[in-house]
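Q: Here it is: the structure, laid out below.
The values are calculated or read from the model by the stated rules, or taken from the named source; none is laboratory data. What you see is a predicted model; the values in this text were computed from it and never measured. Using ideal geometry, Cβ is built from the backbone for each residue, glycine included, and neighbour counts are taken over all protein chains shown. Surface accessibility is based on the protein's heavy atoms, side chains included, excluding ligands, DNA and RNA. Shrake-Rupley method; radii C 1.70, N 1.55, O 1.52, S 1.80 Å.
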Amino acid sequence: MFTRKKRSGIITILLCILFMLSLILPAAGVFAETSGNREPLVVGVPKDRCPIFYTDPETKEIVGIGIDLMKVVSDKAGYEPEFRIIEEDTLIEALDNDEYDVVMPLGSALKSSSGAESVVSENLFQTPFTLVTVGKKDLPPLKQLRIGMLSSLHGGAKTVEKLYPGIQIEFYDTMGDCVKALRKGDVDALLHNSYVWSYILQKPSYSDLTVQPSSMFSMDFRVGTRDTENGRATIENLNKGIASLEETQRQAIILDYTSRKLYRYDVFEYLSKYGAISLLTLLLFVTIVVMLIQKARADRATHEENVRQLIDYDPLTGAYSLTGFRKRATELLQENPDIPYLIGYTNFRNFKFINDSYGMSAGDEALIFFVQKNKEIMSDTDIICRIEADHFVVLKRVSDYEERKREEEIIFEPLRDYFVSRGKQTRIQVCAGVYVLTPEDYLRADIDHMIDFARIAEQQARDSKKDGYAFYNPGQWDAAEQTAEICGHLPVALKNGEIRIWYQPQVDYETKKINGAEALCRWKNPDQGWISPGVFIPILEESGRIYELDRFVWETVCKDLKRWNEMGKLRSVSINVSRGDITEDRNVPEYIKGLTEKYGIDKDQLRVEITETAFADNPEILIDATMKFREYGFQVEMDDFGSGFSSLHMLKDVPVDRIKLDLNFLVGDKNKDKGRIIIRNVISMVRGLGMKLIAEGVEYETQAEFLLKEGCAEMQGYYFYKPMPVEDFEMLI
Ligand code: C2E
Ligand code: MG
Ligand code: MG
């Protein structure tokens with residue numbers, strides 16, 4: 001019917017009309033909201049009655065079941081409600097305030113506080129009221145009760161009084177006061193809106209309050225104002241709104257507020273309610289923090305350890321690096337001044353050839369093998385270091401013959417045959433240089449210096465063109481080797497009876513009688529024959545092993561004395577006590593006293609010899625020990641008097657019983673006449689000091705005669721007897 005051109009023209013015109021209408025109609029108010037016509041309505045409401053009326057803590061708006069219901073009602077009645085918190089204490093006072101168009105909630109029409117009549121609306125909703133008591137209680141009927149209520153519920157109270165004549169109602173300003181009165185017993189129960197109770201009773205401190213469901217009753221919830229023409233008109237309008245309020249809408253509003261958790265705990269309430277949980281949470285938190293800190297520390301320690309590992313250890317072999325070796329070696333020397341140490345410098349002579357022929361990794365494996373083998377027989381106090389490439393350094397105890405044999409079998413032979421035993425032809429050639437530490441090395445601990453000495457010795461070994469080892473200080477090595485042999489064999493020697501006690505008689509030259517003996521030990525080694533005490537005693541003293549020997553000597557002497565006592569041959573014996581026995585923190589006087597008790601020997605049968613030099617070196621400790629010995633009843637002798645340099649001064653301070661003059665020191669070979677003068681004077685001096693005397697090292701009759709003439713009759717020496725085995729001594733006595 002229409003051409004295409006005409007059709008599009010009509011559409012354009014229709015669109016234009018629609019556009020014009022959309023501009024004109026809103027301006028004409030056709031789509032305007034009805035609110036524009038609404039009359040404002042100021043509604044006075046009480047505060048703090050959650051969930052009916054309360055101020056939202058976030059929006060600061062007044063909200064609640066009552067507010068929402070009133071909003072719907074006002075909306076339907078054509079009002080724009082503005083809610084204000086009632087400042088007056090009670091609703092009947094608020095009725096007199098013209099600022100509010102209406103107030104709520106009222107149960108029924110009441111006279112205002114000034115006596116004016118009021119009008120109320122229809123019921124907005126039925127509010128249940130409940131009694132609350134402390135704990136569960138059987139309550140008498142409501143009419144006989146004394147109940148507490150909030151003053152602001154004055155209007156409601158009036159209704160209650162009408163419903164239950166005889167009921168007594170006390171008013172309190174705050175819920176806190178209400179509860180206080182209830183707990184004190186001023187009232188039997190409290191009465192309030194159930195919705196409000198359901199909110200208030202969430203307060204942890206009210207956990208003792210119990211709702212009494214049996215005493216539930218309901219009250220109306222109405223809007224009211226003074227009975228004026230205006231007031232009546234307003235109420236009439238509101239009634240229309242109430243009439244059209246649907247039950248579903250009402251229930252929805254109530255449910256909305258009663259299903260929400262509106263009560264907010266303050267910090268203390270929170271803690272009291274959720275104390276355990278809070279504490280646990282806190283604990284958990286603290287634990288997590290502590291664990292995190294510990295983990296961070298552990299991580300750092302691991303990191304530091306990794307760094308230290310990198311610095312202190314050789315990653316290929318696990319041996320110390322030079323840095324690590326310096327540190328640990330210094331510590332070991334300080335911790336073990338008694339261990340005779342050596343530094344060994346080892347180098348594989350043909351390592352370059354090995355690397356070139358079998359490859360670097362085969363060379364690496366040989367290096368690892370060498371370190372492993374070393375570690376197999378090293379003690380905690382030995383260490384090994386890889387300085388670089390195939391150069392190794394060890395700090396280890398000087399080994400005795402047996403140990404060196406083991407080293408050869410376990411380390412060096414398998415190393416030399418490392419490639420041969422793997423089907424190749426080349427033997428590894430090993431050169432080593434040895435430097436034996438001197439006492440000064442322990443004090444200075446100049447590790448680099450010692451390594452240098454060992455390296456020089458290693459060069460000498462290398463220059464000799466055969467594999468083997470060389471010493472930097474052979475003299476020191478011999479001494480150290482001897483020390484190693486002696487210390488290493490001491491336990492075996494003691495066990496196998498290689499060490500025996502010999503006795504050298506002591507005589508009274510005047511009566512020519514034997515009145516005692518000195519116990520001296522002798523060591524007969526099956527391989528080396530007799531070892532002189534002049535050799536092994538100083539070695540054991542230096543290496544801190546003398547106590548092991550002396551305990552054996554003292555006990556053997558006690559056993560011998562016991563036997564002689566039983567034979568009726570009462571004798572006394574001098575035993576030697578070394579400085580090292582006493583300076584170590586062990587109670588030697590107590591130990592020896594224990595021995596005499598164990599073997600039933602009189603204390604004066606044992607005389608304790610301590611050398612003069614020991615007193616000079618550690619005067620305090622030795623004087624203490626001397627006093628203790630004497631306290632226990634032992635006699636103490638100062639041995640080798642004349643051997644030291646401080647003899648005279650010693651005499652003054654050291655509380656010994658007897659002085660043992662050593663003729664060898666006092667007489668010597670030269671200037672015998674002067675020696676005699678000295679001895680004469682020493683004797684008279686010692687006697688003057690009230691001490692006893694014995695002379696040792698008496699070899700000639702002339703010496704004995706002279707000593708006797710000067711007043712020293714007690715003597716010991718080759719002139720009379722040499723030290724002899726116990727059997728010989730027994731025959732003699
Ligand atoms: P000492 O305690 O001064 O013992 C005396 C030493 O002088 C002994 O040497 C003895 O054999 C030697 N002697 C005895 N009479 C004569 C003599 O007329 N002329 C000469 N030239 N020497 C004589 P010995 O037995 O070789 O002991 C050496 C040192 O070893 C002892 O000196 C003592 O200090 C120490 N000693 C020996 N046995 C023990 C022991 O069981 N324990 C400890 N701690 N030290 C011991
Ligand atoms: Mg002695
Ligand atoms: Mg002596």
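Q: Using a basic spin-label model with each label point 7 Å from the Cα along Cα→Cβ, how many nm lie between Val492 and Val535?
A: 1.6 nm
Q: Would you work out which of Asn664, Phe285, Leu693 lies farthest towards the positive end of the dipole of the chain, given +1 charges on the beta-carbon of Lys and Arg and -1 on that of Asp and Glu, about the Cα centre?
A: Phe285
Q: Okay, which of region 477-501 sit inside 19 Å, backbone N to the point 7 Å along the Cα-Cβ direction of Asp338?
A: Counting backbone N atoms under 19 Å from the label point, the list is 480-495.
Q: How do Thr483, Thr583 stack up against each other in accessible area, from largest to smallest, with a 1.4 angstrom probe?
A: Listed by decreasing accessible area, they come as Thr583, Thr483.
Q: Could you sort out which of Lys628/Lys652; Lys512/Lys674; Lys559/Lys652 sit more than 26 Å apart by Cα distance in this structure?
A: The pairs that break the limit, which is 26 Å between Cα atoms, are Lys512/Lys674; Lys559/Lys652.
Q: If you roll a 1.4 angstrom probe over the protein chains with everything in place, what fraction of the accessible area of region 322-473 belongs to carbon and sulfur, to the nearest %?
A: 49 percent
Q: Going by average Cβ neighbours within 10 Å, how do the peptides 218-230, 139-151, 559-571 rank, with the highest at the top?
A: The packing order, highest mean first, is 218-230, 139-151, 559-571.
Q: Right, something else. Put +1 on the Cβ of each Lys and Arg and -1 on the Cβ of each Asp and Glu in region 470-605; which of Ile582, Gly600, Cys487 then has its Cα farthest toward the positive end of the dipole?
A: In region 470-605, that residue is Gly600.
Q: Give me the mean projected area, in nm² to one decimal, of the convex hull enclosing the Cα positions of the chain.
A: Mean shadow area of the hull around the Cα atoms is 80.7 nm².
Q: Would you mind computing, in nm to one decimal, how far apart the modelled labels at Ala109 and Lys512 are, each placed 7 Å from Cα along Cα→Cβ?
A: Placing both labels 7 Å beyond Cα along the Cβ direction yields 15.8 nm.
Q: For the ranges 62-68, 725-731, 291-297, what's the packing order if you count other beta-carbon atoms within 10 Å of each residue, average per peptide, and put the highest first?
A: 62-68, 725-731, 291-297
Q: Modelling each spin label as a point 7 Å along the Cα-to-Cβ direction, I'd like the Ser278/Ile678 distance in nm, to one decimal.
A: Label-label distance for Ser278 and Ile678, simple model: 9.1 nm.
Q: Mean projection of the alpha-carbon convex hull of region 322-473 over all orientations, in nm²?
A: Averaged projected area of region 322-473's Cα convex hull equals 8.7 nm².
Q: Let me ask something else about it. Rounded, prolate or oblate: pick one for region 388-435, where a ≥ b ≥ c are the square roots of the eigenvalues of its C-alpha gyration tensor, a/c under 1.5 means rounded, and failing that, prolate if a/b is larger than b/c, else oblate.
A: oblate
Q: Normalised by the residues of the chain, what does the relative contact order come to in percent, with Cα pairs under 8 Å and at least six apart?
A: Across the chain, relative contact order equals 8 percent.
Q: Further question: Leaving out ligands and nucleic acids, and using a 1.4 Å probe, what accessible area per residue does the chain come to in Å²?
A: Each residue of the chain exposes 53 Å² on average to a 1.4 Å probe.
Q: Now a separate question. Rounded, prolate or oblate: which one fits region 553-678, using the alpha carbon gyration tensor with axes a ≥ b ≥ c (rounded when a/c is under 1.5, else prolate when a/b beats b/c, else oblate)?
A: It comes out oblate by the Cα gyration axes.
Q: A further question on this structure: How big is the antiparallel share of DSSP beta bridges in the chain, given as a percent to the nearest 5?
A: 55 percent
Q: Here's another thing I want to ask about it. Report the gain in length on full extension from Asp177 to Arg687: 0.36 nm times residue separation, minus Cα-Cα distance, nm rounded to one decimal.
A: 173.1 nm
Q: Quote the charge dipole size of region 269-312 about the Cα centre in Debye, to the nearest 20; the model charges only the Cβ of Lys and Arg (+1) and of Asp and Glu (-1).
A: With only Lys, Arg, Asp and Glu charged at Cβ, the dipole is about 120 debye.
Q: For a test of the definition: using alpha carbon positions, the gyration tensor, and the 1.5 limit on a/c, classify region 269-312 as rounded, prolate or oblate.
A: prolate
Q: Given a 1.4 Å probe and heavy atoms of the protein chains only, how would you sort Asp602, Asp177, largest accessible area at the top?
A: Final ranking, largest accessible area leading: Asp602, Asp177.
Q: Next question, about the same structure. Only helical DSSP H runs with n ≥ 4 go in: add -39500 (n - 2.57) per run for the chain, normalise by residue count and round the 222 nm mean residue ellipticity to 500 deg cm²/dmol.
A: Helix contribution divided over all residues of the chain: -15000 deg cm²/dmol.
Q: Quick one: if you take sqrt(5λ) for each eigenvalue of the C-alpha gyration tensor of region 479-732, what semi-axes come out, biggest first, whole angstrom?
A: The three semi-axes for region 479-732 are 28, 21, 20 Å.
Q: Something else about it: Return the FRET efficiency for the residue pair Arg328, Thr302: r is the Cβ-Cβ distance, R0 is 25 Å, and the value is rounded to the nearest 0.05.
A: 0.75
Q: How much solvent-accessible surface does Lys111 expose, in Å² to the nearest 10, with a 1.4 Å probe and all protein chains in place?
A: The accessible area of Lys111 comes to roughly 120 Å².
Q: Quick one: ranking Trp554, Trp502 by accessible area, 1.4 Å probe, largest first, what do you get?
A: Output order, biggest surface exposure first: Trp502, Trp554.
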